[in-house]
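Here's the structure we're looking at; comments come further down.
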Amino acid sequence: MRLWLVLAAAVFSLTACVVNVQPQAKMCIEAAPNGHAGASLTYHQDVEPILASRCMRCHTSGGPAPFPLDSYPAVMAQKDAVKQAVGARVMPPWPPSRCCHSYANSDALSDDELATLTQWVDQGALEGTPPAVPVVPLRRTHDRVDVQLGMPAPYTPNPKAGFTDDTRCFLLDWPMKETVYVTGLDIKPGYAPQMHHALVLTASADDVKRLQQLDDADEGEGWNCPGGLLGAFKDGLGGSFFEAEQFANGLGHEIDPTDKVVLTMHYAPPASGGFQPDQSTVMLRFQTQPTQKITTLSIFDPAWLAGSMYIPANKVTTVSYADEFSQYNGGKGFVMHSVNLHMHERGKSGQVAVLRKDGSRECLLQIDNWDHAHQGDYQLAEDVKLYPGDRLLLSCTFDNTVAHQKVVNGQLEKPHDLNWAEDQEMCAGFVTASELPAGG
């Protein structure tokens with residue numbers, strides 16, 4: 001039986017990507033910003049609204065970013081770094097290539113926004129007059145929260161020897177006595193600076209006993225779960241990268257009264273100070289009326305889990321896999337709503353694409369410059385149909401040379417042969433989908 005799993009949480013007019021499984025993916029040619037010729041730009045009038053919508057939910061006092069950008073003095077102290085980061089399109093972090101697909105939840109700067117930020121610095125970074133109503137950072141939230149699930153007790157991250165991060169799973173009781181359909185979720189971290197990301201999943205009664213044994217066998221709250229819970233849950237509700245997820249009207253994840261919720265927290269060392277006790281909260285929106293069920297199509301070669309994803313030292317290596325998911329769904333197709341890609345530190349580039357039955361290809365996600373610190377769930381601006389006979393293609397390129405190693409205990413690791421493992425590498429794609437209606 002094929003494993004089904006999930007890895008969690010501006011629209012452009014784009015040309016089609018050339019999707020392949022070669023080490024070097026096709027890069028885009030970025031359009032030059034239009035600019036604001038002759039305009040006198042100020043922080044409060046022109047720059048602050050952009051930072052509020054694109055940057056401040058992380059770059060704020062007490063947030064996960066290493067410094068705030070939520071006031072004129074704070075931005076002035078970092079103005080040159082801001083210009084450099086946005087000019088290179090490193091910030092805001094939005095990894096998807098602009099030549100592949102368009103996404104409804106894009107955080108990428110538009111060309112005009114980029115021109116405004118860079119020209120404001122070049123003009124002397126004037127402050128201007130503060131607005132009568134203070135600018136509030138934009139954060140995607142729910143219109144309501146129907147249930148909150150808190151961790152049973154605080155947990156202080158404690159990475160294994162030789163590692164900087166800690167991935168921990170927590171089994172949460174589900175309080176509802178009837179079947180409900182989750183239509184949105186959010187996660188409130190107990191201490192935001194140390195949360196790399198969090199994932200929310202559901203476990204059926206058949207899996208709860210085994211997960212409870214893992215919890216009981218591990219000291220402290222929860223249990224160590226590097227690499228996540230492969231095949232050990234009923235469904236994946238989504239993830240949180242400091243943004244709420246709200247599913248399209250008519251779509252939801254079914255949760256039965258006998259299910260339990262699994263919260264997976266990936267903790268990373270905060271920019272300053274050490275790890276702090278965490279007691280994060282899962283916030284869900286749901287309805288009792290049945291919805292069209294959402295499921296997660298997980299793309300990876302099952303043989304990789306058994307050791308066949310060989311990544312030799314001192315080489316750039318590409319692995320790829322394609323699967324026809326209709327064979328697990330009674331021959332029925334899917335409507336795809338969002339896409340995700342997961343690798344670790346040696347990831348270089350990656351792609352998720354549809355291989356059509358007629359031999360054509362359609363790009364869903366292409367990341368030309370992989371950054372393990374910035375990954376997320378990318379909501380397709382328009383749903384894409386996956387028909388019976390179509391396949392989903394996953395391709396991951398790894399750079400396992402000396403210049404592309406991770407840092408452990410303050411030291412850059414030496415290149416060594418890698419395989420599928422939490423402390424080595426992974427290659428997985430995830431597509432959130434619903435069943436293709438008859439005749440669709």
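In terms of the Cα gyration tensor, with a ≥ b ≥ c the square roots of its eigenvalues, is segment 113-202 rounded because a/c is under 1.5, prolate because a/b exceeds b/c, or oblate?
Details: a/c = 3.19, a/b = 1.65, b/c = 1.93.
Since a/c reaches 1.5 but b/c is at least a/b, the shape of segment 113-202 is classed as oblate.
Between residue 387 and residue 414, what is 0.36 nm times their sequence separation minus the Cα-Cα distance? Round to one decimal in nm. Write out the running numbers ahead of the final one.
On the way: separation 27, 0.36 × 27 = 9.72 nm, distance 4.47 nm.
Full extension of this stretch gives 5.2 nm more.
Simple spin-label estimate for residue 164 and residue 332 gives 4.6 nm between the two label positions (7 Å along the Cα-to-Cβ direction from each Cα). The calculated FRET efficiency for the pair residue 179 and residue 214, based on their C-beta separation and a Förster distance of 35 Å, comes to about 0.85.
Can you bin segment 232-364 into rounded, prolate or oblate? Criterion: square roots of the alpha carbon gyration tensor eigenvalues sorted a ≥ b ≥ c, rounded for a/c under 1.5, prolate for a/b above b/c, oblate for the rest. The shape class here is oblate. Label point of residue 313 set 7 angstrom out along Cα-Cβ; within segment 409-440, amide nitrogens under 12 Å from it belong to 413-418.
Packing order of peptides 304-316, 375-387, highest average first: 375-387, 304-316 (average count of other Cβ atoms within 10 Å over each peptide's residues).
Each Lys or Arg adds one and each Asp or Glu takes one away; over the other residues whose Cβ falls under 12 Å from the Cβ of residue 171, this sums to -3. Partner lysines whose Cα lies under 20 Å from the Cα of residue 177, excluding those fewer than 8 positions away in the same chain, are identified as 209, 234, 260, 293. Relative protection proxy for 129-137, 39-47, from highest mean packing down: 39-47, 129-137 (other beta-carbon atoms within 10 angstrom). Cα extents for segment 309-440 along the principal axes, largest to smallest and rounded to whole angstrom: 57, 25, 23. Applying 0.36 nm per residue to the separation of residue 147 and residue 133 and subtracting their alpha-carbon distance, the gain on full extension is 1.8 nm. Of the residues 168, 210, ranked by 1.4 Å probe accessible area with the largest first, the sequence reads 210, 168.
What does the C-alpha gyration tensor say about the overall shape of the chain? Classify as rounded when a/c is under 1.5, otherwise prolate if a/b is larger than b/c, or oblate.
Details: a/c = 1.36, a/b = 1.25, b/c = 1.09.
Because its axes are fairly even, with a/c under 1.5, the chain counts as rounded.
Summarising the label geometry, the points placed 7 Å from Cα in the beta-carbon direction at residue 356 and residue 126 lie 5.2 nm from one another. Using the Cβ-Cβ distance between residue 156 and residue 112 with R0 set to 45 Å, the FRET efficiency works out to roughly 0.50.
Please work out how much length the chain gains when fully extended from residue 371 to residue 271, using 0.36 nm per residue of separation minus the C-alpha to C-alpha distance, in nm with one decimal.
Values: separation 100, 0.36 × 100 = 36.00 nm, distance 1.71 nm.
Value of the extension gain: 34.3 nm.
Distance from the C-alpha centroid of segment 110-177 to that of segment 290-305: 27 Å, rounded to the whole angstrom.
The values are calculated or read from the model by the stated rules, or taken from the named source; none is laboratory data. Note that the structure is a prediction, hence the values are computed from the model and not measured. Every residue, glycine among them, receives a Cβ derived from its backbone with ideal geometry; neighbour counts consider all protein chains shown. In case anyone asks, the SASA skips ligands and DNA or RNA and just uses the protein heavy atoms, side chains included. Shrake-Rupley method; radii C 1.70, N 1.55, O 1.52, S 1.80 Å.
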